[in-house]
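Just below is one structure, and these are the notes that go with it.
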Amino acid sequence: MKEVLAAQEASGRLLQLAERLAAQDDFKRAAAALQRGEQASFDGVWGSLCALLAAVLACRERGPVVVVLPQAAELDDFCDEFSVWSSAPCQQFPAWELERADQALADDLYGQRLRLVRAVSAGALPQAPEVATTDRSSGLIVTSIQALLQPIPGRERMRAMTRTLERGERQEIEPFIEWMLENGLARTSAVELPGEFSSRGGIVDIFPPDAEAPVRVEWFGDEVESIRTFDVATQRSAAECQQVEITVLRPSAVDRDSLLSVLPASSRLLLVEPEEMTAAGARFVERWERPAELLSVKELLREADRFGTATAQQMATSPAEVHCRMPALSVERFSGEVAKVRSEIDDAARKDDVWLFCRTEAEVKRLREVLATTETAHDGRLHFSIGHLRSGFRLPPERLVVLSGSELFHRTEPPRPPKRRLGRAIDSFTELREGDLIVHLAHGVGRYRGLALIEKEGSAEEHLALEFDGGTKIYVPATRISLVQKYVGGSKSRPRLAKIGGRSWVRQRAAAEQAVTDLAVDMLELQAARGARPGIAFPADSEWQREFDASFPYQETDDQLLALTAIKDDMHRSRPMDRLLCGDVGFGKTEVAMRAAFKAVDSGHQVAVLVPTTILAEQHLVSFQSRMAEFPFSIAALSRFSTKGQQNEIIARLAEGGVDIIIGTHRLASADVKFSNLGLVIIDEEQRFGVEVKERLKRLREMVELFSLSCRDIV
């Protein structure tokens, strides 16, 4: 009962942090200055305390609070941290990287920028729910200095380039289609990407560049009969709309406005680490190919003076006249090693309460188990909560330490999946770009030179222009696209273009056919050998396995779940597994591989992860160590980044069973690499390894479970 009451008391203190912060005299003076449109500064803003500061300011202001960060890559993390402390809406205004104006309409980030500018201009930002005060906040806008330096279209140009369709109004369909074509929307057979439209009789599908989903507009004669959103994957209609606004805007040299120019006067700015922010902005302008297209840092800061502006710094170098010193301190860096982290937690606590934020319930459960023997946990001063913080801070007046699970074990977060879900996969022809290498089934390797209209019997027909050795070109009708494939090389050297009429392509095809036959024989012999040997029947998922699976910070896709089920079923059978997982970049193949590796190690077996490049080996090492940091597994890498002495030490430990997961390049296939109890081999892009490596892999395949990964477009 005593422990329950202590936990409730600590939880109450955490929830009251914002109120306690706002109650300080210095903070009250700084907040009052902001509400009068004056300048204020906050220092002692360590770690994720900045998001708490933004949450307190957002709930006190009627207009939006705009947080300006020094780096464009920090926006997602800051919004996650803000959501820990506040339920107010958090909007992002990102920087975009494309420099070609004709590509902007299909760019997700450019569309997101336009969407926010339209909402701010119209005063239509989402409102916050009721907060502690009686005010209703417009929430938070999080941006970066890089994003603000990129101009936005002015109000007049945006108004001129917007067309509104309303259900029941009379508007001719053909002039509207002509308007879309004239302003750069791409006409397609089926809409999948922003900046596209298609028409079928009286039905027009449109994906406005600044919209999150496309719309289907149906005409009856000259009257707009219905407007509905629809899903690009299924092409099925969803919600009905009364009206839709279509804005078609590309970046232009005439655009010289900034986001600050459309903000309401009641807005407040919070500049995070202003000196670092200013320097980062200057570097961004210097590195831009055409810096005259961007705004200058000076004019941006001059425009910021129109609003109440606060600065947030760890250590203030030039505080404003109205200054608030936050009662916070930094937290020492943790080692990342489980055995040391326990004592480091106790050292950091110093008899204070520790609040540890984790991404998932599984992470909470695992860390509670790992840290159960600490003095802090024994005294009932270690508490857990769900949420994402990058780094913690200490509040001595509150006798409270806030930490994140990721900083304890130096975890890096996986990249966030794109918010838009695109439609069906495109075929190899639509992936071709002018200059790409191709293979013509009859002539060999050539180069794609675009499309050409050729008159034939009084009508124009579209052809693929293909260039071969000596500049010779042939034209393949689009109806015979099956004759042309995208070239996928198995070596680093670029192939020579084939000579039309030469014999080399015939010889290469014959050699390839013989190689395929030989490979088929090898595969049959190998499969027979594997079929005659019993495989490893791994046990059912343990509690650790379930915790590890559940600690994945994102929701698995249906395809991922299907792959995971199939792979675990294979590992549970006594027949040796030999499975290939194909998926595009972003599918989540590495996560699937890590779960298979975890199952093998959890069952007492070693895992070898073979990758084609040293860089990929290092990336996998970081990913595996970060993902499995809370478990007592030994993970090492073997590549040219390791010295001879380090390699010998790792190989010796591997043979003795001291390494659970070994990640490496072709060095893993060397004769001197021995395993104590190898149970699973994971091969990333097997087709990229040489013959001598594959011979070694064949011998491994007869004895262990095999799991290969590959991208769909090179299988």
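The values are calculated or read from the model by the stated rules, or taken from the named source; none is laboratory data. Remember, predicted model here, so these are calculated numbers, not experimental data. Cβ: placed from backbone, ideal geometry, glycine included. Neighbour counts: every protein chain shown. Heavy atoms of the whole protein, side chains included, go into the accessibility calculation; ligands, DNA and RNA do not. Shrake-Rupley method; radii C 1.70, N 1.55, O 1.52, S 1.80 Å.
Tallying residues that are among the small types (Gly, Ala, Ser), more than 12 Å from LEU149 (Cα to Cα) and either part of a loop (DSSP other than H, G, I, E, B) or in contact with a strand residue (DSSP E or B) (Cβ under 7 Å, 6 or more places away or on another chain) (or both) within the stretch 278-308 yields 2. Does GLN35 satisfy being open to solvent by 10 Å² or more (accessible area, probe 1.4 Å) and more than 27 Å from GLY392 (Cβ to Cβ)? Yes; evaluated as a whole, the condition is true for this residue. For the stretch 345-375, the set of residues classified as under 23 Å from PHE82 (Cβ atoms) and out of contact with any helix residue (DSSP H, G or I) (no Cβ under 8 Å at 6 or more places or on another chain) consists of VAL364 only.
Determine, yes or no, whether GLU321 is outside any loop (DSSP other than H, G, I, E, B), among the acidic types (Asp, Glu) and open to solvent by 10 Å² or more (accessible area, probe 1.4 Å).
no
Within the stretch 54-93, the set of residues being over 19 Å from ILE386 (Cα atoms), surrounded by fewer than 24 Cβ atoms within 10 Å (Cβ to Cβ) and aliphatic (A, V, I, L, M) comprises VAL56, ALA72, ALA73, LEU75. Among residues of the stretch 671-692 that are under 24 Å from GLY604 (Cα atoms), those with a beta-carbon under 8 Å from a residue that is of a type in the set (Asp, Glu) and modelled with pLDDT of 85 or more at least six positions away or on a different chain give the pairs SER676/GLU656. Only residues that are touching a residue at least 12 places away in the same chain (Cβ under 8 Å) and either surrounded by fewer than 19 Cβ atoms within 10 Å (Cβ to Cβ) or in a strand (DSSP E or B) (or both) were counted in the stretch 351-378, giving 15.
Restricted to the stretch 287-318, and to residues there that are of a type in the set (Gly, Ala, Ser), under 31 Å from the mean Cα position of the chain (by Cα) and open to solvent by 30 Å² or more (accessible area, probe 1.4 Å), the residue that is modelled with the highest pLDDT is SER296. Taking interchain pairs and intrachain pairs at least six residues apart, which have beta carbon atoms under 6 angstrom, with the first residue in the stretch 647-669 and under 16 Å from ASP602 (Cα atoms) and β-branched (Val, Ile, Thr) and the second modelled with pLDDT of 90 or more and not in a helix (DSSP H, G or I)? Filtered contacts from the stretch 647-669: VAL659/SER634; VAL659/ALA636; ILE661/VAL607; ILE661/ILE635; ILE662/ALA608; ILE662/ALA636. Could you tell me whether VAL244 is in a strand (DSSP E or B), farther than 19 Å from ARG115 by Cα and more than 25 Å from the chain's Cα centre (by Cα)? In short, no. For the stretch 549-569, does any single residue satisfy the condition of being in contact with a Gly (Cβ under 8 Å, 6 or more places away or on another chain) and of a type in the set (Lys, Arg)? Looking for residues that are in contact with a Gly (Cβ under 8 Å, 6 or more places away or on another chain) and of a type in the set (Lys, Arg), one finds none in the stretch 549-569, hence no.
Right, SER189: polar (S, T, N, Q), in a strand (DSSP E or B) and either at negative phi or at pLDDT below 95 (or both) or not? So that I can check it myself, show each step before the final result.
Values: polar (S, T, N, Q): yes; in a strand (DSSP E or B): no; either at negative phi or at pLDDT below 95 (or both): yes.
No.
Taking residues in the stretch 502-519 that are surrounded by 10 or more Cβ atoms within 10 Å (Cβ to Cβ), and partners anywhere that are at pLDDT 70 or above and part of a helix (DSSP H, G or I), the pairs with Cβ atoms closer than 8 Å and at least 6 places apart or on different chains are GLY502/ASP469.
Does the stretch 186-238 hold any residues that are aromatic (Phe, Trp, Tyr), touching an Asp or Glu at 6+ places or on another chain (Cβ under 8 Å) and without any contact (Cβ under 8 Å) to a residue 40 or more places away in the chain, and which are they? Answer for the stretch 186-238, where residues must be aromatic (Phe, Trp, Tyr), touching an Asp or Glu at 6+ places or on another chain (Cβ under 8 Å) and without any contact (Cβ under 8 Å) to a residue 40 or more places away in the chain: PHE197, PHE207, PHE230. When LEU109, LEU148 are screened for being at pLDDT 95 or above, over 29 Å from LEU21 (Cα atoms) and either among the hydrophobic types (A, V, I, L, M, F, W, C) or open to solvent by less than 10 Å² (accessible area, probe 1.4 Å) (or both), only LEU148 passes.
Within the stretch 331-350, restricting attention to residues that are in a loop (DSSP other than H, G, I, E, B) and open to solvent by 60 Å² or more (accessible area, probe 1.4 Å), which residue is farthest from VAL45 (Cα to Cα)? For the stretch 331-350, the residue satisfying everything is GLU337.
When ARG573 is tested against (1) at positive phi; (2) of a type outside the set (A, V, I, L, M); (3) modelled with pLDDT under 85, only condition (1) is not met. Counting only residues that are surrounded by 15 or more Cβ atoms within 10 Å (Cβ to Cβ) and either among the β-branched types (Val, Ile, Thr) or touching a Phe, Trp or Tyr at 6+ places or on another chain (Cβ under 9 Å) (or both), which one in the stretch 160-175 is farthest from GLU225 (Cα to Cα)? Looking at the filtered set, the residue picked out is THR162.
Note on the stretch 529-543: among residues that are in a helix (DSSP H, G or I) and farther than 18 Å from ARG579 by Cβ, the one that is modelled with the highest pLDDT is GLU543. Does ALA265 count as open to solvent by 50 Å² or more (accessible area, probe 1.4 Å), touching a Phe, Trp or Tyr at 6+ places or on another chain (Cβ under 8 Å) and in a loop (DSSP other than H, G, I, E, B)? Judged against the criteria, ALA265 is a match.
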